[in-house]
Amino acid sequence: MKTAIALAALLGVGTAPALAGGFYTNVESNASYTGSDFTTRTTDLHLGYEGSPTESFDYYIQGGPAVVAVDGADSDTQLSGKLGANVAATDKLDFYGEISLLTQDGDVDNSYGTKLGAKYSF
């Protein structure tokens, strides 16, 4: 139940009006290896919304099913979502961040991730 509430809240943010923006689809596959040994692959099949309320601020929100394939086990489908933003501090310097969620079955805790960074263009 907590997962459904969290995902509904995450996706609800994307319905807020923005000055410029639009819907998109995003398919992303991330694989993990230990040395040369494949361990897992997660493929996100997301529907998203992105907007730019100002010239220096962009955001996106996306979510949908995620197919999780663990080496030696059957694939499993979970829900995943991402919320991110980019702020242009100057013409050459941007700051960005992302929060992500992947649900889990049963008594296993959900997975969360964060990404923060800066990009300087020469």
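Just so it is clear, none of the values below were taken in a lab; they were calculated from the coordinates. Bear in mind that the values here come from a model prediction, so they are computed numbers and not experimental data. Quick reminder, even Gly has a Cβ in these numbers, built from the backbone with ideal geometry, and neighbours come from all protein chains shown.
Assorted remarks:
- Residues of the range 25-46 falling in the label zone of Val67, defined by backbone nitrogen less than 20 Å from a point 7 Å along Cα to beta-carbon, are 25-33, 38-46.
- Using a Förster distance of 22 Å, the FRET efficiency for Glu55-Tyr24 (Cβ separation, nearest 0.05): 0.60
- In this structure, Phe38 and Ala89 have a Cβ-Cβ separation that, at R0 = 35 Å, corresponds to a calculated FRET efficiency of about 0.35.
- Sum of side-chain charges, Lys82 neighbourhood, beta-carbon under 15 Å (Lys, Arg +1; Asp, Glu -1): -4
- When the trypsin sites (Lys or Arg not before Pro) in the range 34-122 are filtered for DSSP coil states and for at most 10 other beta-carbon atoms within 10 Å of their beta-carbon, the remaining sites are Lys92.
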